[in-house]
Structures are given as C-alpha cells and as structure tokens.
Amino acid sequence: MKKNLLTLVLSGTIAFTCSPYVLAKNVATIQSNTDYSQLVTKRQVVDHLLDEAVKAFKSPARISHAGFTAKMPSNMEVVTNRLLEAYKLEPYRTDLLISAANAQIYNKNVDKAIELFQQALSVAPEDVDLHAYLAVWQHFKGNQAESNKHMKVLAKLNKGKASDIKHIFDTVDSVVSTPLKIKAEKGLLEDRGAIVTLGYALNPDGSMHEILIERLMTTLKLAKENPDALIILTGGVPKNNKTEGKLMADWLVGKGINPNRIIEENYATSTVGNALFSSYALARHKIKHATIISSASHVRRGQTLFEIASWQTGPQNITFDTVSYPDKPLEQLKQVSDSELLGIYRDALRTYGMWSYRSYPLESR
C-alpha cells in the first residue's frame, strides 16, 4: 500500500487538497474504513527521499587518491536525483536545488550545477549565496562576463560578500601560480614557525598508507632541519580504531622527534577539516609562518584552504608555503588541471563557510 501511494504521489496523481464540502461528506467513511498508518503524505514522501539521499551520501563508497577523500560519482547521482524528486513535490524549497547543484559539483558536472543554481535563482533572484556560487563557477568555466554579472549583483546585495569572493579568486590565483617544490626554503621556520602535515586515508586494517609514510619522511627531514618549529599532524578518519594524527605522531616520536613539539589533530575528515581545525592551533601559538606538507597533486588545495581558514581565524599576517612529496612528477603538475582547480574552488567555498548541503537531514559543510 505504501509503495503504491508513494508511486502515485511522485507521479502527481494524488491531490492533497479537497473542498470542505467533500471532506465533510466523506469524513464518516474515512473514519470507519481507512487505516491512517497506511497513508503517505507529501511531507512523508519528501522525508523518505531525503533519508535516501543521506544514505547515499553516507555510504562507505569512498575513494582516496592524492589526499582526495570524497564520494563516488554514482553516489552523487543518487543524492542529486533524490533531492530533485523532493523538489518536484516542494517547489518552494530552493535549498533542495542548491544541495543538488553542489552534489553535481562533487560529480564534476559543473554545467549541470550551474543550470540548477540558475533554476534556484529564478525563484529567489536576490539570494546572496546563489550569486556567489554562480560568480565562482562561471569564473571557473571561463565565462567571465557571466561571472562579472553575478559579482555586480552580489556587490549591490552584500558588498562584504562580494569582497570575500574576490579575495577567494585572488587567493586561488596566487597559489596556483606558485611553482611546486620538494625542498624547503631556509629560514622561513626560524621565528615562530610550524610544519603542518596533512593526513591520508589509512588502510582498512588501520595501518598507514605508503603515501602517508612518504609525507612523514618529508616532515621528518624538515623537522630535523628546523628543531624549534611546531609540528601539527592533522587527520581524523578512523580505521580499525586508529586515526592518521595519532599514527603520524607515534611514527615521528619513534624517529626521535620530541613529542612536546607535536600537536595531534585527530578530528578532521577532509582537507577542509584539516585547515579549519589546524588554523586554531596556528592562531593559539601565534605562528608567523607555516609550511604545509602533502602530496604534490594535493598541496595547492591544502594551501588555499589554510590561507582562507587563517584569513578568518588568524593569526593576522601569517604566511604559508608548501613542500611536496612528489606522488607525480612535478613537471606533469606544473599546470593546474581542471579537476584539481575544481576541487580547490569547491573546498575554498566550504572553508569560507558556504555549506554544500543545506537540506535537513542532509546538511554538510
């Protein structure tokens, strides 16, 4: 019965309103013959669809390469479809369109995401976030005239937000134009410096992946060259009751690094989390300069997010640079790819505070 009613609701063949006369005429029949537990309301259907979206979003189908931990594209298609089905039933819910659009960003289908953002904008033409999203993704696509159009509207609606988006553009441009390097510059960490090593997904048995060990080898060398530098180890996706932060700390201590130099950050589950949680440690210790260590194909995203996180939390005037473990030849990574740039912009917006998913119970920064 429920399944049949669910199908009817989604196909639009059930009317959810009736006149008072019809209701009064049939009330006795309804009371005597209908099992209310079998009724499926429009709200219940939407809740069911969103629950399915959450299940797809939280499914264990995760991938990890070069530090990228995200949902499989097939998962994001399920998320998008369920959100759009819910939107058909509740067309005032622009949050559902925004969440679906961001699911398509994760799916690397920027054109579809832009289409959904514009659909939402037709309902809410003065929505500040929608103009911000469209300014960023039109900029990413190289449609500068369209991006400028949304920036102009954004400046009228919220001058501060427009300034922030411009700051994000400038930060990304600066980071991606800086050449990658595998050796540290001397002297940068001498005065209140910190080394920040980004975690990498552990093996299923809780052991460290080879890539994470290579990042630690790079960290160990830099730590020995800069004995006064603080060391922040960030990563908290648990595997077999172990976290990256804890295992990294144990590894470095086993190689002779003083544990008093080390701060374990065992809560971050993404690069966004790495930046947000670690930035507070940088602020607390009034760090002047931090060197970020990660894989070469991931480190530019890491630096961008740390720049944005620290821009908001402090310390003021902190500077960053990076040292890469060359998971790929640096010559191949000299020019940032569209895929890498998409990840940089997507996570820059999240770090800045624009939630990707805002449709309860599917809520995620």
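Residue-by-condition table, conditions (1) crowded, with 21+ Cβ neighbours inside 10 Å; (2) not assigned by TED's automatic domain parsing to the domain that holds Gly302:
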site	(1), (2)
Ile182	no, yes
Lys186	no, yes
Glu210	no, no
Leu220	no, no
Lys239	no, no
Leu247	yes, no
Val253	no, no
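Within region 283-313, work out how many residues are over 18 Å from Ile344 (Cα atoms) and within 21 Å of the chain's Cα centre (by Cα).
Qualifying residue count, region 283-313: 1.
Taking region 203-217 as the region of interest, how many residues are closer than 14 Å to Ala249 by Cα and of a type outside the set (D, E, K, R)?
Total satisfying the criteria: 6.
What residue, among those in region 188-204 that are over 16 Å from Pro227 (Cα atoms) and without any contact (Cβ under 8 Å) to a residue 60 or more places away in the chain, is surrounded by the fewest Cβ atoms within 10 Å (Cβ to Cβ)?
The selected residue is Pro204.
Regarding region 146-160, can at least one residue be identified that is among the β-branched types (Val, Ile, Thr), farther than 23 Å from Gly235 by Cβ and part of a loop (DSSP other than H, G, I, E, B)?
no
Within region 205-218, which residues are touching a residue at least 40 places away in the same chain (Cβ under 8 Å) and either in contact with a helix residue (DSSP H, G or I) (Cβ under 7 Å, 6 or more places away or on another chain) or of a type in the set (Lys, Arg) (or both)?
If the condition is that a residue be touching a residue at least 40 places away in the same chain (Cβ under 8 Å) and either in contact with a helix residue (DSSP H, G or I) (Cβ under 7 Å, 6 or more places away or on another chain) or of a type in the set (Lys, Arg) (or both), then Met208, Arg215 are the ones that fit.
Considering each residue of region 79-124, count those that are farther than 16 Å from Leu50 by Cα, of a type in the set (A, V, I, L, M) and either part of a helix (DSSP H, G or I) or outside the structural domain of Glu52 (by TED's automatic domain parsing) (or both), and give that number.
8
Just checking, how many residues over region 77-89 are out of contact with any helix residue (DSSP H, G or I) (no Cβ under 6 Å at 6 or more places or on another chain) and either without any contact (Cβ under 8 Å) to a residue 60 or more places away in the chain or not charged (D, E, K, R) (or both)?
Number satisfying all stated conditions: 2.
I'd like the residue in region 291-302 that is of a type outside the set (Ser, Thr, Tyr) and more than 14 Å from Ile232 (Cβ to Cβ) and, out of all such residues, is surrounded by the fewest Cβ atoms within 10 Å (Cβ to Cβ).
So, considering only residues that are of a type outside the set (Ser, Thr, Tyr) and more than 14 Å from Ile232 (Cβ to Cβ), the one surrounded by the fewest Cβ atoms within 10 Å (Cβ to Cβ) is Ala296.
Would you point out which residue out of Tyr280, Tyr360 is in the same structural domain as Leu134 (by TED's automatic domain parsing), surrounded by fewer than 17 Cβ atoms within 10 Å (Cβ to Cβ) and modelled with pLDDT under 95?
Result of the check over Tyr280, Tyr360: Tyr360.
Please enumerate the residues belonging to region 305-351 that are free of Cβ contacts under 8 Å to residues at least 40 places away in the same chain, in contact with a helix residue (DSSP H, G or I) (Cβ under 6 Å, 6 or more places away or on another chain) and either surrounded by fewer than 17 Cβ atoms within 10 Å (Cβ to Cβ) or part of a helix (DSSP H, G or I) (or both).
Across region 305-351, the qualifying residues are Ser310, Thr313, Gly314, Pro315.
The values are calculated or read from the model by the stated rules, or taken from the named source; none is laboratory data. What you are looking at is a predicted structure, and each value in this text was computed from that prediction instead of being measured. Please note: Cβ atoms are built from the backbone with ideal geometry, for glycine as well, and neighbour counts cover all protein chains shown.
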